[in-house]
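Novice: Starting off with a structure, shown below.
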Ligand SMILES: *[C@@H]1O[C@H](CO)[C@@H](O)[C@H](O)[C@H]1NC(C)=O
């Protein structure tokens, strides 16, 4: 009995301290992230998959210098956005078994590196499909209700900001390396991708979410993995960037039409493509001297797999690099991109 009482008291205290603190500082009480490695803060550590980054030199510049499963030398956009919106320092991965109640109150990440709108890559790679991320989010909402009660939980969910990054692996992996390419011309495939994104967003709406920032893809033709063939570096691949642009513009139009259909659904298209391409085309302006190669493990599109402690020629200092590995920007490049999107996308005003 005493124990039960202590437990209830603790929950009440957690609500008073953390609940109020979370709301006092910023506009959003919580942040949630869905999709791929641009937002995955370590869920793949707990899955049977090759798509992992919980070993050095990943995380070299993360607080504590520890590899966490983020595909970066440091923080990634989900952390940087959580921080910029005064929600929390870093966004914890939902599958982390050490999460505390107070971590849950201000949001967690469900994204899984290698995932996308198309189930195919996530299935091949053994990572979380969007439908599985959604199932975990439902489970999370149940836990949240237990901690803070139904009404308050509903409040947190409807006032929170969700991030979605899906499309990078669909274009760079599913449609370029599997039979999808033979079955669908790209515009037709892109239309399916956008339809699946919109289904996912409707599912989030059904669970009470009202604000989502939907990220465009990266300029995929400029990633070191796309530019390197047999050790030779090429200019950005125009045909790959064109696919990304087409998908992004179709996604942006789809979000516009969804906003018209459901006025209380605040959807924001976040253009990541343009500010990152701008860095790639004007590296010196931001102090970058190395654009073509990643700091670690370049020369293949198998994201992350070829960056580890045995990778030869890993750079000593990542700050002159736009890219960390064959498929992901460095923390510094992410910081510049996130600062740009927070200023231009209107995320904060939704
Ligand atoms: C992906 O898989 C889930 C469950 O296996 C299924 O419900 C969903 O319709 C699939 N989505 C697509 C886009 O194929």
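Novice: Could you tell me which of the residues 120, 144, 91, 99 is modelled with pLDDT under 95 and either more than 16 Å from the ligand (Cβ to nearest atom) or buried (at least 18 other Cβ atoms within 10 Å of the Cβ) (or both)? Talk me through it step by step, then tell me what you get.
Specialist: Details: 144 fails: modelled with pLDDT under 95; 91 fails: modelled with pLDDT under 95; 99 fails: modelled with pLDDT under 95.
Unique residue meeting the criteria: 120.
Novice: Continuing with this model, one more query. Would you mind finding the one in 166, 111 that is more than 13 Å from the ligand (Cβ to nearest atom), modelled with pLDDT of 95 or more and either crowded, with 16+ Cβ neighbours inside 10 Å or closer than 30 Å to residue 184 by Cα (or both)?
Specialist: 111 is the lone residue from the list that is more than 13 Å from the ligand (Cβ to nearest atom), modelled with pLDDT of 95 or more and either crowded, with 16+ Cβ neighbours inside 10 Å or closer than 30 Å to residue 184 by Cα (or both).
Novice: Name every residue in region 78-88 that is out of contact with any strand residue (DSSP E or B) (no Cβ under 6 Å at 6 or more places or on another chain) and under 19 Å from residue 340 (Cα atoms), in order of residue number.
Specialist: Applying the first criterion (out of contact with any strand residue (DSSP E or B) (no Cβ under 6 Å at 6 or more places or on another chain)) to region 78-88 yields 79-81, 83-86, 88.
79, 80, 81, 83, 84, 85, 86 - these are the residues of region 78-88 that are out of contact with any strand residue (DSSP E or B) (no Cβ under 6 Å at 6 or more places or on another chain) and under 19 Å from residue 340 (Cα atoms).
Novice: Then there is this: In region 125-137, what residues are part of a helix (DSSP H, G or I) and crowded, with 16+ Cβ neighbours inside 10 Å? Walk me through it before giving the result.
Specialist: Within region 125-137, the subset part of a helix (DSSP H, G or I) is 125, 130-137.
If the condition is that a residue be part of a helix (DSSP H, G or I) and crowded, with 16+ Cβ neighbours inside 10 Å, then 125, 130, 132, 133, 134, 136, 137 are the ones that fit.
Novice: Quick check on my filter: what residues within region 332-344 are buried (at least 21 other Cβ atoms within 10 Å of the Cβ) and within 15 Å of residue 213 (Cα to Cα)?
Specialist: 337, 338, 341
Novice: Being part of a helix (DSSP H, G or I) and free of Cβ contacts under 8 Å to residues at least 60 places away in the same chain is the filter here, so list the residues in region 61-83 that pass it. Steps first, please.
Specialist: First, the residues of region 61-83 that are part of a helix (DSSP H, G or I): 63-65, 77-83.
Across region 61-83, the qualifying residues are 63, 64, 65, 79, 82, 83.
Novice: State the number of residues belonging to region 180-215 that are within 18 Å of residue 123 (Cβ to Cβ) and either crowded, with 19+ Cβ neighbours inside 10 Å or within 15 Å of the ligand (Cβ to nearest atom) (or both).
Specialist: The number of residues fulfilling the criteria is 10.
Novice: Residue 234 versus (1) in contact (Cβ under 8 Å) with a residue 24 or more places away in the chain; (2) touching a strand residue (DSSP E or B) at 6+ places or on another chain (Cβ under 9 Å); (3) surrounded by fewer than 19 Cβ atoms within 10 Å (Cβ to Cβ): which is the lone unmet condition?
Specialist: Condition (1) is where residue 234 drops out.
The values are calculated or read from the model by the stated rules, or taken from the named source; none is laboratory data. Bear in mind that the values here come from a model prediction, so they are computed numbers and not experimental data. Positions of Cβ are generated from backbone atoms using ideal geometry, with glycine treated the same way; all protein chains shown enter the neighbour counts.
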